[in-house]
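Read the figures in this text as sums done on the coordinates, not as results from a lab. As the structure is a computational prediction, the values presented were derived from the model and not from experiment. Neighbour counts run over all protein chains shown; Cβ positions are idealised from the backbone, glycine included.
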Amino acid sequence: MSDFIFVGYLIQEPYWKTWPKREGYRVASIEREFHPAINKHQWDIVEGIENPTRFLTRFPQLQELPLEPHQCKSVLHKQSPGWVVSGYALPRDVVEHRTLTSTDNKTTLVEFSYAEKIKRHDDLQLLGYEIVDEDDLFLSILNNCGYTAEQVRELGGPLNEYSLLSSVEDAERFKGSIKSDPRNPKMIPDHNQGIVLEVWGRP
């Protein structure tokens, strides 16, 4: 049984090439802009289970979608236009236990319960492991909290060409190290430990 469960796809801007403190990398962070027309809760049904997330449950065929024009907020995307499909997988315990509660506190559902019903049909390859905020899965602790590539190497392991960690062991080591690391002014002392995320794409 896999330790990770695939939760879906995003249509995103191409891998960043000029992200600060990542010179020489093609950054495949989940923080890349994704198309605003699809930046919403999906609420589609996967074998009878609702998908309340922003992740797409079917592989999107870009040539069949009206992706342009759009309101672009990313300076990096203006420099490198176009769209790519990325896929993401979360740890099994997150998929099985993470919940959403309605604003009136009357309804609670398992956020990713649909994920175990997804049937993948794609040619994406595993690019590496990202570490994201526990509260906001679209906020990268690995790539957007001020750590240099050398500091990431010291705390967890070397980054690969996509500015991701190449093994779960390195990702878990990085998660543990940042809790007590005093060098990063953007990290508050009680910051959550983060979640390891598999990133899938086309090299």
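Quick look at the numbers
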read-out: Relative packing of peptides 110-123, 127-140, 64-77 - highest average C-beta neighbours within 10 Å first; value: 127-140, 110-123, 64-77
read-out: Distance between region 38-68 and region 100-171 - C-alpha centres, whole angstrom; value: 19 Å
read-out: Ranked packing of 102-108, 26-32, most packed first, by mean Cβ within 10 Å; value: 26-32, 102-108
read-out: Most mobile of G176, G87, G48 in a GNM of the chain (Cα contacts under 10 Å); value: G48
read-out: Additional length obtainable on full extension of the chain from E150 to L100, 0.36 nm per residue less Cα span; value: 14.3 nm
read-out: Electrostatic dipole magnitude of region 4-201 [Cβ: Lys, Arg +1; Asp, Glu -1; Cα centre; debye, to 20]; value: 400 debye
read-out: For the chain, calculated [θ]222 nm from helices alone, where every DSSP H run of n ≥ 4 adds -39500 (n - 2.57); value: -3500 deg cm²/dmol
read-out: Percentage, to the nearest whole number, of Cα pairs in the chain over 20 Å apart; value: 58 percent
read-out: Lys pairs, the chain - Cα-Cα below 25 angstrom, 8 or more residues apart or on other chains; value: 16
read-out: Alpha carbon convex hull of region 1-94, projected area averaged over orientations, nm²; value: 7.9 nm²
read-out: Ordering of 148-158, 8-18 by packing [mean C-beta count within 10 Å, highest first]; value: 8-18, 148-158
read-out: Förster radius 30 Å - calculated FRET efficiency between K117 and H70 (Cβ-Cβ, nearest 0.05); value: 0.50
